[in-house]
Amino acid sequence: MKFLDFIDLEYINQALVFETPESKVFGKIETYSCKSVGLDKKLFSKMETKISNEIKEAASISPDCTYFGSLISKRSPFGSLKDLSSRKVFYHLISTLNASFPDYEFSDLKPDQFEKIHSLNNAVNAINQALISCGGQSVVNSFGLWEAIDKIIDLEDTEIYSYIPDMDADPFTEVGCM
């Protein structure tokens, strides 16, 4: 993944770092291409081998499985992981997390650690509410957050996924972190 620098996001990113008596917020919006480069290609190859083997193993147990590993009976939020296009979405999300947080490794995440958000309005409202609850009312109302994002990506034509951290293993689930 390659980081894409958009000047429209600089002002918003500055506004996403703020402190109130109750909280400290260190927010950022980053954009990345989905074109695999160097480490992404290696990650894709490693994960593709691992998942392909798990799918074959799961299929030998249950030929109708759409998932893998210990979660054979469940569907992934990306669709059937037998389909390369579904697996690519999963790989891109992991690559994005790895690029966004280079001090951490997300390669061992499972598909059930993501949730597909089916409504743009639900995602926007959840993010707005989280920002407002931390004292970021001005970011939501004054800085054109969603207009800037919509200029870069067509929000109406996006698939939205939410990362669901493992509370025991995720580095960002410290007390008081969101």
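A few remarks follow.
- Test for TYR91: is it open to solvent by less than 70 Å² (accessible area, probe 1.4 Å), closer than 22 Å to LYS41 by Cα and modelled with pLDDT of 85 or more: yes
- Test: LEU39 is at pLDDT below 85 and either touching a helix residue (DSSP H, G or I) at 6+ places or on another chain (Cβ under 6 Å) or in a helix (DSSP H, G or I) (or both): yes
- Take the conditions (1) open to solvent by 90 Å² or more (accessible area, probe 1.4 Å); (2) at pLDDT 80 or above; GLU48 misses just one of them, which is (1).
- Selection status of LEU81, out of contact with any strand residue (DSSP E or B) (no Cβ under 7 Å at 6 or more places or on another chain), surrounded by 15 or more Cβ atoms within 10 Å (Cβ to Cβ) and either assigned to a helix (DSSP H, G or I) or of a type in the set (Gly, Ala, Ser) (or both): no
- Taken over segment 9-38, the residue count meeting the criterion of being open to solvent by 60 Å² or more (accessible area, probe 1.4 Å), of a type outside the set (D, E, K, R) and more than 21 Å from the chain's Cα centre (by Cα) is 3.
- Residue list for segment 107-161, filter: of a type in the set (S, T, N, Q) and farther than 25 Å from GLU19 by Cα: SER107, GLN113, SER119, ASN121, ASN122, THR158
- Qualifying residues in segment 108-159 (those that are assigned to a loop (DSSP other than H, G, I, E, B), open to solvent by less than 30 Å² (accessible area, probe 1.4 Å) and out of contact with any Ser or Thr (no Cβ under 9 Å at 6 or more places or on another chain)) - the one modelled with the highest pLDDT: LEU109
- Among residues of segment 9-23 that are assigned to a loop (DSSP other than H, G, I, E, B), those with a Cβ under 6 angstrom from a residue that is surrounded by 12 or more Cβ atoms within 10 Å (Cβ to Cβ) and not aliphatic (A, V, I, L, M), sequence gap 6+ or separate chain, pair up as LEU16/GLY27; THR20/GLY135; SER23/CYS134.
The values are calculated or read from the model by the stated rules, or taken from the named source; none is laboratory data. A quick note: this is a predicted structure, and the numbers were derived from the prediction, not measured. Virtual Cβ from ideal backbone geometry, glycine too; neighbours counted across all protein chains shown. Ligands, DNA and RNA are excluded from the accessible area calculation, which covers all protein heavy atoms including side chains. Shrake-Rupley method; radii C 1.70, N 1.55, O 1.52, S 1.80 Å.
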